[in-house]
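S.K.: Got a structure for you, written out below as structure tokens; questions coming shortly.
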Amino acid sequence: MTAPKAHALFAASNSDRWTNCPASILLSQRAPEQKSGAAADEGTRAHELMELVLKAGHKDVFDLEGDGVEITDHFDSEMIRHVQGFVDFVWSQMKPGYELLVETKVYLDFIHPTEAFGTVDVAIIEPFGVLHVIDFKYGQGYVNHKDNSQMLYYALGIAHLHHYDFEKVKTTIYQPRGSAEVDPAKIARTDEFSVEKLKTWRHRFEEAVIVAERILETENFHEDKELHAGSWCKFCPAKILCPAITKTALQNAKLDFASPIQPEPQSLTTDQLKKILDRAAYLELWVKEVKKYAEDQIRAGKKIPGYGLVPTKPSRVWK
């Protein structure tokens, strides 16, 4: 098999997006290029350390120093602590006869011959027993472990390769930071399901790929049927030009209360609070992308009447 490109059109990492919003792939190709942020770079470094430890077969992060890696010179104490926790968890799941996969390419070439693949953080294979897929999430934003499409994508690819000879499948999100730090019991969150349920996701992925390929070929899509705003929009490159997000944001700017004067926050019911907060999420997402795009335009030398950037420490702010 030839070496794949760095990112697949139908990648595991953004499967939640293209299964729910097939048109997002076309729009993402039209979107301005995005640079990785500090949080993404930090996550990459944490995964690099995790990979070094597990692939070397070490139980302790500092065992790498025997391999010539100066741990404290390259990684901070918080990262070392969290990676060690993940390593401990992985080894706690291993038993004699199990196979351990670390940072391994998983292909869904039965979904698409060249554009469906991803890299699983960790998978533990118990022959004819349990397939356990584990993902190390270093970010602080809560990641739902229930019916997580990225995890199911990896599980489907590995199970298919082994002719689905498993009794059941487990997927675990290991997330040591953010809300998990408040309750250590929530650091490792596991979902469990049958192989038959896993197979149903094959059809879901296949159907989304068929729709997305037709959109890419025709460069046209039905907004009401193939472009949907949702939680998957958060990291979508097309946020700035997506008509679904724009439409939702503008609609949500109107709170839909009968009175022309909006009520004081203290007078809102729980249902009203939820309604406003749900809608505000899309509005904030859209406004954030608009500001980011405007800032990029100003830095590129374009002028927006009445707006500019002023230097501050440690960053620039709007004026």
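The values are calculated or read from the model by the stated rules, or taken from the named source; none is laboratory data. No experiment lies behind these values; they were computed from the predicted model shown. Don't worry about glycine lacking a Cβ; one is built from the backbone with ideal geometry, like all the others, and counts go over all protein chains shown. Keep in mind that these areas ignore ligands, DNA and RNA; they rest on the heavy atoms of the full protein, side chains included. Shrake-Rupley method; radii C 1.70, N 1.55, O 1.52, S 1.80 Å.
S.K.: Have a look at V195, V209 and point out the one that is over 29 Å from Y98 (Cα atoms), of a type outside the set (F, W, Y) and in contact (Cβ under 8 Å) with a residue 24 or more places away in the chain.
M.R.: Answer to the check: V209.
S.K.: What is the residue count in the stretch 2-28 for residues that are of a type outside the set (G, A, S) and free of Cβ contacts under 8 Å to residues at least 12 places away in the same chain?
M.R.: The total comes to 3.
S.K.: Run down A208, A229 and say which single residue is assigned to a helix (DSSP H, G or I) and buried (at least 19 other Cβ atoms within 10 Å of the Cβ).
M.R.: A208
S.K.: Let me ask something else. State yes or no: is H145 farther than 25 Å from D88 by Cβ, open to solvent by 20 Å² or more (accessible area, probe 1.4 Å), in contact (Cβ under 8 Å) with a residue 12 or more places away in the chain and not polar (S, T, N, Q)?
M.R.: No.
S.K.: Right, another one. Just to confirm my filter: which strands (runs of 3 or more DSSP E) fall fully inside the stretch 99-193 and include at least 2 residues that are among the β-branched types (V, I, T)?
M.R.: Here the list reads 99-107, 117-125, 130-136, 168-174.
S.K.: So for the stretch 201-209 (the condition being of a type in the set (D, E, K, R), under 25 Å from A8 (Cα atoms) and in contact with a helix residue (DSSP H, G or I) (Cβ under 7 Å, 6 or more places away or on another chain)), does at least one residue qualify?
M.R.: The answer is yes; a qualifying residue exists.
S.K.: In the stretch 33-92, how many residues are in a helix (DSSP H, G or I), of a type in the set (A, V, I, L, M), more than 30 Å from I240 (Cα to Cα) and open to solvent by 40 Å² or more (accessible area, probe 1.4 Å)?
M.R.: 1
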